[in-house]
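Take a look at the structure below.
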Amino acid sequence: MKQKDDLSAAIAVQGLTRHFGDLCAVDQLTFTVMPGEIFGFLGPNGAGKTTTIKMLTGQLRPSAGTAKVCGFDVVTDRRQLMPAIGVVFEYQNVYERLTARENLRFSARLYGLKQQRVEELLAQVGLLEAADRQPRHFSHGMKQRLLIARALLHRPRVLFLDEPTKGLDPAVSRDIRHFILDLKQQGVTVFLTTHYMEEAERLCNRVAIINRGQMITLDKPENLKQQTGLEDGSLEDVFLELTGRSLV
C-alpha cells in the first residue's frame, strides 16, 4: 500500500482547474489548509465551490493542477484517500426506508467497523432516541445530523461540509456549529462552505473567497476587514466589497 507523503498541510492545492466544455468552473486555485483548521471556502452560487470539493474528494478529475489531501493525491491515490476523509454534501442522500441506526450500520460494515461505533455516533449527534425511526420521517435538521454522523463513522482526518446549516432553524444551526467546534478540538480539519457569513466569521480560522472560479483573497476574517478598510463591518461587508455580488 502506498504511504502518504510526509507533508504538514492537511490539504495542499496547486493550480487546480476544472473545465466543463468551454466553461472554466475552477480556475488555477492554489491554497493550503493546515491540520485542525476550520477553513471557510466562500463564494456566491456558481463560483465553483462544490466543483472544488468534488475534486478534493476524488469524485471529479481536475482538468489541470494538483491537489493532495492528507498527503494523498486526489487522482492517483483515491483508494488511500477515501478512508482519510468524510463528506457531507448539500443534498441529503440517506436511505429513507432504513432506520437511522440501519443507515449507520450499513456504512459501518463498508468500513469494517464495530457496531459500538454506530451507537457512539448516534449519541454524539443526539439521535439515539430516534435511532429506530426512518429518516423519511425526520426533520431536515435530524437528517443533517445523521449525515454528519455517517461522515464521521470512520474517524476521518478531514471533513468536508457543504452548506451544513442551510435551511435549518436557529437552534439546530447552533448545535451543528458547536459540533464543528468540538471536531476542531479533536484535531479534525474542517473544510466548510456556507452562505452564512456570520457563521463563517464565528467558526473559521481563515476564509478563502472565490468568484467565478478564481481566488479573490484568503486570510483570517479580521485581517480581511483591515485590508478592505471595514474594521467595524462584517465579513458579509467584506464579501460584497470584494466580489460585488450577492451571496446567492
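Since every read-out is calculated from the coordinates, none of them should be taken as a lab result. Being a predicted model, the structure only gives us computed values, none of them experimental. Glycine gets a Cβ as well: all are built from the backbone with ideal geometry, and neighbour counts include every protein chain shown.
Numbers for the structure displayed
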| read-out | value |
| --- | --- |
| Sparsely packed GluC sites (Glu not before Pro) within the stretch 111-149, loop by DSSP, other Cβ within 10 Å at most 16 | Glu129 |
| Diffusion coefficient, µm² s⁻¹, Stokes-Einstein with Kirkwood Rh over alpha-carbon pairs of the chain at 4 °C and 1.567 mPa s | 69 µm²/s |
| Compactness of the stretch 185-248 - radius of gyration and Dmax, Cα, Å | 11.8, 37 |
| Listed residues Gln226, Gln59, Gln134, most fluctuating in the chain (Gaussian network, C-alpha, under 10 Å) | Gln226 |
| Efficiency of FRET from Cβ geometry, Thr30 and Asp169, R₀ 30 Å, rounded to 0.05 | 0.20 |
| Trypsin sites (Lys or Arg not before Pro) restricted to DSSP loop in the stretch 144-196 with at most 14 other C-beta within 10 Å | Lys166 |
| Contour excess over end-to-end distance, with Cα ends at Arg97 and Tyr111 and 0.36 nm allotted per residue | 2.9 nm |
| For the stretch 18-97, alpha-carbon Rg relative to the globular expectation (2.2 N^0.38 Å, N residues) | 1.17 |
| Unit charges on C-beta of K, R, D, E only; dipole of the chain, Debye | 1200 debye |
| Scattering curve values for the stretch 131-181, log₁₀ I(q)/I(0), Debye with Cα scatterers, q = 0.17, 0.19, 0.23 Å⁻¹ | -0.54, -0.67, -0.94 |
| Segment Arg79-Gln134, length gained on full extension (0.36 nm per residue, minus Cα span) | 16.7 nm |
| Base-10 log of normalised Debye intensity for the stretch 160-220 (one unit scatterer per alpha-carbon) at q = 0.16, 0.25, 0.29 Å⁻¹ | -0.54, -1.17, -1.40 |
| Sites Arg212 and Glu119 - FRET efficiency at Förster radius 41 Å, r taken between beta-carbons, to 0.05 | 0.35 |
| Relative intensity, log₁₀ I(q)/I(0), of the stretch 114-248 from a Debye sum that treats every alpha carbon as a point, q = 0.15 Å⁻¹ | -0.80 |
| Cα centroid separation, the stretch 67-131 to the stretch 149-228 (Å) | 19 Å |
| Helix-only CD estimate at 222 nm, as mean residue ellipticity for the chain, using -39500 (n - 2.57) per DSSP H run (n ≥ 4) | -10000 deg cm²/dmol |
| Value of relative contact order over the chain, rounded to a whole percent, pairs C-alpha under 8 Å and six or more apart | 25 percent |
